[in-house]
Amino acid sequence: MVIRLKKLLTVLACAVLAITLLACGMGVVMAIDTRTDDYVPIRQLDPEKPMVALTFDDGPYGPVTKRIVKALQEVGGRATFFVVGSRIEGREESIRMIADAGCEFGNHTYDHVNLRSRGSTSISEQLKKTDEALEKVVGRRTTVLRPPGGTYSKNLSTLTDLPIVLWTIDTMDWSHQNCARSVKRVLDNVHDGDIILMHDLFLPTAEAAEKVIVALTEQGYQLVTVSELLAYRDSVDGILVKNDG
Ligand SMILES: [Zn+2]
């Protein structure tokens, strides 16, 4: 009798677990990040609809970063922020806003260094220090990496498990700091699967991002993180190393 009861309880427990898993799966697809054992939420997206990954480098910088995050939240979009580790302390509010909006953190080194000019130990240190600074604020690590200036040495992929991400559309916002030019650059060139490079350091970039976020959403684009793009597309241009484990 005791054995039967035990069996029944086990069956019941399995059924409850199965129903729970099914219910969770219907809402959000979760991918386990094996590098950190953290969960990286990958949303349920429509693979038939176009996707674009907006990416912002060199921040955070409150007056710009916060405007971009707000604009994304208004349309239910997400983006990837390639943060500079040394800029995290003192700008915790921006970091928390990025995390709360479900956006992704990318590693852009601690001191924005040219990785081609650094040895292995220094590179590893730069990446680790950025993760430590981020973890202190939001308990998360970066999940993608972009080398500053897009410069890297051949051995970079041996020093990290993260996907190494470049871009397919460069707005050159840092150079011209002109809202209209950044917007035009994106809207004239955008296609499904693009990774767009901007910098959340300049006010004209905040304005451009606000316009681009609205325009792309109106055109039917899903605004996604780089990791979401990698999860939903078999091949993604602008990715140097996929490192998908
Ligand atoms: Zn940079």
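The values are calculated or read from the model by the stated rules, or taken from the named source; none is laboratory data. For clarity, every value in this text was computed on a predicted model and none was experimentally measured. Cβ coordinates were reconstructed from backbone atoms using ideal geometry, including for glycine residues, and neighbour counts include every protein chain displayed.
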Criterion: closer than 25 Å to Asp194 by Cα, in contact with a Pro (Cβ under 7 Å, 6 or more places away or on another chain) and hydroxyl-bearing (Ser, Thr, Tyr) - qualifying residue of Thr143, Thr160, Thr109: Thr109
Elements of type helices (runs of 4 or more DSSP H) contained in the range 110-196, each with 3 or more residues being under 23 Å from Leu54 (Cα atoms), free of Cβ contacts under 8 Å to residues at least 24 places away in the same chain and out of contact with any Cys (no Cβ under 6 Å at 6 or more places or on another chain): 179-189
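Report whether or not Leu201 is closer than 18 Å to Phe56 by Cβ, out of contact with any strand residue (DSSP E or B) (no Cβ under 7 Å at 6 or more places or on another chain), in contact (Cβ under 8 Å) with a residue 40 or more places away in the chain and among the aliphatic types (A, V, I, L, M).
Working: closer than 18 Å to Phe56 by Cβ: yes; out of contact with any strand residue (DSSP E or B) (no Cβ under 7 Å at 6 or more places or on another chain): yes; in contact (Cβ under 8 Å) with a residue 40 or more places away in the chain: yes; among the aliphatic types (A, V, I, L, M): yes.
Spelling it out, Leu201 is indeed closer than 18 Å to Phe56 by Cβ, out of contact with any strand residue (DSSP E or B) (no Cβ under 7 Å at 6 or more places or on another chain), in contact (Cβ under 8 Å) with a residue 40 or more places away in the chain and among the aliphatic types (A, V, I, L, M).
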Which numbered condition Thr171 misses (of (1) of a type in the set (S, T, N, Q); (2) more than 16 Å from the ligand (Cβ to nearest atom); (3) buried (at least 22 other Cβ atoms within 10 Å of the Cβ)): (2)
Hits in the range 85-99 - residues which are buried (at least 23 other Cβ atoms within 10 Å of the Cβ) and either assigned to a strand (DSSP E or B) or within 16 Å of the ligand (Cβ to nearest atom) (or both): Ile88
Filter pass, Ala215 being in a helix (DSSP H, G or I), among the small types (Gly, Ala, Ser), in contact with a Lys or Arg (Cβ under 9 Å, 6 or more places away or on another chain) and touching a residue at least 12 places away in the same chain (Cβ under 8 Å): no
Leading residue by the ranking (nearest to the ligand (Cβ to nearest atom)) among those in the range 71-84 that are in a strand (DSSP E or B) and hydrophobic (A, V, I, L, M, F, W, C): Phe82
Residues satisfying the stated conditions in the range 44-70, i.e. acidic (Asp, Glu) and either under 14 Å from the mean Cα position of the chain (by Cα) or assigned to a helix (DSSP H, G or I) (or both): Asp57, Asp58
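Identify, please: which residue in the range 141-158 is in contact with a strand residue (DSSP E or B) (Cβ under 6 Å, 6 or more places away or on another chain) and more than 16 Å from the ligand (Cβ to nearest atom) and is, among those, modelled with the highest pLDDT?
Checking each candidate, the answer is Thr143.
Could you say whether any residue in the range 76-95 is modelled with pLDDT under 95 and at positive phi?
Just the residues of the range 76-95 that are modelled with pLDDT under 95, to begin with: none.
For the range 76-95, residues modelled with pLDDT under 95 and at positive phi: absent.
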All positions within the range 218-242 that are outside any helix (DSSP H, G or I), of a type outside the set (Val, Ile, Thr) and either modelled with pLDDT under 95 or on the phi < 0 side of the Ramachandran plot (or both): Gln219, Tyr221, Gln222, Leu223, Arg233, Asp234, Ser235, Asp237, Gly238, Leu240, Lys242
Hits in the range 97-118 (condition: in contact with a helix residue (DSSP H, G or I) (Cβ under 7 Å, 6 or more places away or on another chain) and hydroxyl-bearing (Ser, Thr, Tyr)): Thr109, Tyr110
Tally of residues being outside any loop (DSSP other than H, G, I, E, B) and over 20 Å from Gly149 (Cβ atoms) across the range 100-109: 2
